[in-house]
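**Q** Let me begin by handing over the structure; questions about it come next.
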Amino acid sequence: MGARIAHYVPDTPDDLVQQKALVERAIAERPDAAVFVPVHATAMSDSIRKLNAARIPTVNYLNRLAKGSFVSYVGSDDHQLARDIAAYLFQHLGGKGNIVILEGVPAAVTSQERMRGFRDAIRDAPGIRVAASRAADYQRETARRVMSGLLAELRELDGILCANDVMALGAIEALEAAGKRVPLVGVNAIPEAVTAIKSGKLLATVDFDALKISSIATEAAIRHLRGERVPAEIILPVKIVDATNYQPWDRPLEARECPQWEDVVKDQG
């Protein structure tokens, strides 16, 4: 689309101080537009205020900010996808059993909404008991370590809900080290998760595709600069991915195609 992009990424995942400093640097370099995923829903309010004051059109994506003026918000329904994937696991378990939840970064909007979806699904499944719920910060090694500790503590474990695929992969490593096999699900449909589904190590995941979301967010910014109308909110659909339908996701991220703008925005406001 003829645009040039500069990336500003914290060295430490979800580091507030680093991201605030990066926003300051980005503003100083006077971009025509910004595509912004905040590490916190409210703590980055001052940064978006500065972007607005600098009159830099901003598209907010993935983590919805509580305050600020935006060209558009681009994301997915984290609550619904979490509720759907949890219900999928519970159905696999026959509606009863002891489960563990691996949560994402507590301050992240995606994690908060996914936990809300998990809780709603649990409320609708009286036979499901939460044996433990722990934050693993969306990180593989953290999830492996947390899951190893839980396996040493828990006598009965029938299923695992993971708020993203990376944590699911860490949990699988912990299970394998302990010589155990437990049904578990994740979120994102990343290539490694699809490989795990093919091998039977992961029951299912959800097509919460950050590549697609960020692609549409970037295109929204460019179209806005061209003077085109952009919906104030763009929500991408999600789909459960399991052993019956994984084929379209069975490719590296760089081989996946960006979604067509017209297909995504046709039903948006």
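The values are calculated or read from the model by the stated rules, or taken from the named source; none is laboratory data. These figures come from a predicted structure and were not determined experimentally. Note: ideal-geometry Cβ built from the backbone for every residue, glycine included; neighbour counts use all protein chains shown. Calculation scope for accessible area: heavy atoms of the full protein, side chains included, ligands and nucleic acids excluded. Shrake-Rupley method; radii C 1.70, N 1.55, O 1.52, S 1.80 Å.
A quick yes/no check of all residues on (1) within 19 Å of L161 (Cβ to Cβ); (2) buried (at least 18 other Cβ atoms within 10 Å of the Cβ); (3) not hydrophobic (A, V, I, L, M, F, W, C):
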{"site": "D209", "(1), (2), (3)": "no, yes, yes"}
{"site": "S214", "(1), (2), (3)": "no, no, yes"}
{"site": "A217", "(1), (2), (3)": "no, yes, no"}
{"site": "L236", "(1), (2), (3)": "no, yes, no"}
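**Q** Would you mind finding the one in I197, I234, I216 that is under 23 Å from R83 (Cα atoms), assigned to a helix (DSSP H, G or I) and touching a residue at least 40 places away in the same chain (Cβ under 8 Å)?
**A** I197
**Q** To continue, here is another question. Pairs only if they're at least six apart or on different chains, beta carbon under 9 angstrom, first in the range 1-14 and within 17 Å of P38 (Cβ to Cβ), second assigned to a loop (DSSP other than H, G, I, E, B) and at pLDDT below 90; list them, first residue then second.
**A** That search, which allows pairs on different chains as well, returns P10/V39; P13/V39; P13/V105; D14/V39; D14/H40; D14/V105; D14/A107; D14/A108.
**Q** Do we find a residue being in contact with a Lys or Arg (Cβ under 6 Å, 6 or more places away or on another chain), open to solvent by 10 Å² or more (accessible area, probe 1.4 Å), at pLDDT below 95 and within 18 Å of H79 (Cα to Cα) anywhere in the range 90-112?
**A** First pass over the range 90-112, keeping only residues in contact with a Lys or Arg (Cβ under 6 Å, 6 or more places away or on another chain): 98, 109.
Going one step further and asking which of them are open to solvent by 10 Å² or more (accessible area, probe 1.4 Å), we end up with 98, 109.
Those left that are additionally at pLDDT below 95: 109.
Cutting the leftovers down to within 18 Å of H79 (Cα to Cα) gives us 109.
Within the range 90-112, one or more residues are in contact with a Lys or Arg (Cβ under 6 Å, 6 or more places away or on another chain), open to solvent by 10 Å² or more (accessible area, probe 1.4 Å), at pLDDT below 95 and within 18 Å of H79 (Cα to Cα).
**Q** Next up: Quick check on my filter: what residues within the range 43-72 are of a type outside the set (K, R), in contact with a Ser or Thr (Cβ under 6 Å, 6 or more places away or on another chain) and exposed (fewer than 15 other Cβ atoms within 10 Å of the Cβ)?
**A** Once the filter is applied, which keeps residues that are of a type outside the set (K, R), in contact with a Ser or Thr (Cβ under 6 Å, 6 or more places away or on another chain) and exposed (fewer than 15 other Cβ atoms within 10 Å of the Cβ), the range 43-72 yields only A66.
**Q** Report, ordered by the first and then the second residue, all pairs with beta carbons closer than 8 Å, sequence separation of six or more or different chains, a first member in the range 157-179 that is closer than 18 Å to E103 by Cβ and of a type outside the set (V, I, T), and a second member that is open to solvent by 10 Å² or more (accessible area, probe 1.4 Å) and part of a strand (DSSP E or B).
**A** L157/N98; L157/A131; G159/G97; G159/N98; A163/E103
**Q** Right, something else. Could you please find all residues in the range 38-93 being in a strand (DSSP E or B) and farther than 19 Å from V23 by Cβ? Break it down into steps so the answer makes sense when it comes.
**A** Within the range 38-93, the first condition is being in a strand (DSSP E or B), and the residues that meet it are 58-61, 72-76.
Result: G75, S76.
**Q** May I ask you to list the residues in the range 237-250 that are of a type outside the set (V, I, T), assigned to a loop (DSSP other than H, G, I, E, B) and under 19 Å from the mean Cα position of the chain (by Cα)? If you could, list the steps in order and put the result at the bottom.
**A** The initial filter retains those residues of the range 237-250 that are of a type outside the set (V, I, T), namely 237, 239, 242-243, 245-250.
Then drop every residue that is not assigned to a loop (DSSP other than H, G, I, E, B), which leaves 237, 239, 242-243, 245-246, 250.
Result: P237, K239, D242, Y246, D250.
**Q** Please verify whether A125 is assigned to a loop (DSSP other than H, G, I, E, B), modelled with pLDDT under 95 and surrounded by fewer than 21 Cβ atoms within 10 Å (Cβ to Cβ), treating the condition exactly as stated. Let's see the steps before the verdict.
**A** Values: assigned to a loop (DSSP other than H, G, I, E, B): yes; modelled with pLDDT under 95: no; surrounded by fewer than 21 Cβ atoms within 10 Å (Cβ to Cβ): yes.
The answer is no for A125.
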